[in-house]
Amino acid sequence: MTSRFRLPHLEPPPWLYTLLSRGFVMQDIHGRFALDLAGFLPPGARLLDVGTGPGFLLKALARLRPEVQLTGLDLSYKMLWHSRRVLAGVEGRPGSRLVQANAQALPFRPRTFDVVVATFSLHIWPDPAKGVAECARVLKPRGWGLIYELQREATRAGIKALARQLGLPAWLLYPGFRLLSLQHALTAGELKEIAAQAGLIRSRVRPVHQVFWRLEFEAPALP
Ligand SMILES: C[S@@+](CC[C@H](N)C(=O)[O-])C[C@H]1O[C@@H](n2cnc3c(N)ncnc32)[C@H](O)[C@@H]1O
């Protein structure tokens, strides 16, 4: 494990993170992730979002795949207060389940979920390998774990391409992304190291949407 994992992280308070997440940049990003995830979800699947924050990924998924059973989990009661309000705005479907717990000790039986996802959360977990091992433990056979983080190696060209797609000036997005990356981005090597420490056998790190990594892993083989 590199020393950077041990740096204290500066996180905005839940109300501010929720406010920022309502902006079109985060809404666009969660929309992209929801579309990606839809491809991994069989009909009626069960999905767990670890470190769900204000719940905007779950909201995008609820609109895209109303039949999927969604569970959001977060360590912070305050974040869950916000996600309850965000998800109450999704009409025409039963509410998502929200659970207060630690990623490093998931309160679920083994083989419960078809997909376990975490977006921008793993880099905060004190022991990310333990958290990833927990995500793998609760996956059903043939299920998928999908963990999204910012790319520390994101190139100027990649950031510019994203800026174009978002309709933002690159001169604005570029310094903002670099600043955010100082504390909140991981390298592909770090993600591979975490996967190895978690004991994952079938995993890979893929670049997605220009500036993100997706650590993908399959459920561990049955004993
Ligand atoms: C940067 S926010 C990301 C929220 C959301 N996934 C998103 O994409 O907007 C990180 C979230 O991870 C949660 N978190 C941090 N450490 C955690 C842990 N050990 N277990 C569960 N959640 C945790 C925080 O409370 C916060 O809501």
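Quick notes
- The stretch 29-41 - phi-based ³J(HN,Hα) in whole Hz, Karplus 6.51/-1.76/1.60, Gly and Pro as x: 5, 5, x, 5, 5, 4, 4, 4, 5, 4, x, 9, 9
- For the chain, adding -39500 (n - 2.57) for each run of n ≥ 4 DSSP H residues and dividing by the number of residues yields -12500 deg cm²/dmol at 222 nm.
- Prolate/oblate/rounded label for the stretch 123-223 (Cα gyration tensor, a/c 1.5): prolate
- Excluding same-chain neighbours fewer than eight residues apart, the lysines reachable from Lys130 by a Cα-Cα span under 17 Å are Lys192.
- Global geometry of the stretch 3-218, whether rounded, prolate or oblate, following the gyration tensor of its Cα atoms and the 1.5 cut on a/c: rounded
- Were the residues from Ala101 through Trp81 laid out at 0.36 nm apart, the gain over their Cα-Cα distance would be 5.8 nm.
- For Met79, net neighbour charge (Lys/Arg +1, Asp/Glu -1) across residues whose Cβ lies under 13 Å away: 0
- Prolate/oblate/rounded label for the stretch 103-182 (Cα gyration tensor, a/c 1.5): prolate
- In order along the stretch 187-194, the Karplus-derived 3J(HN,Hα) couplings, from 6.51 cos²θ - 1.76 cosθ + 1.60 at θ = phi - 60°, round to 8, 4, x, 5, 5, 5, 5, 4 Hz, and Gly and Pro are given as x.
- For Ala161 and Thr187, the FRET efficiency from 1/(1 + (r/R0)^6), where r spans their Cβ atoms and R0 equals 25 Å, is about 0.80.
- Dipole magnitude of the chain about its Cα centre (Cβ charges: Lys, Arg +1; Asp, Glu -1), debye to nearest 20: 180
- Burial ranking of peptide ranges 23-33, 115-125, 72-82 (average Cβ count within 10 Å, highest at the top): 115-125, 72-82, 23-33
Values quoted throughout were computed directly from the atomic coordinates according to the rules given, and no laboratory measurement underlies them. From a predicted model like this one, the values you see are computed outputs, not experimental measurements. All Cβ positions, glycine included, derive from the backbone under ideal geometry; neighbour counts span all protein chains shown.
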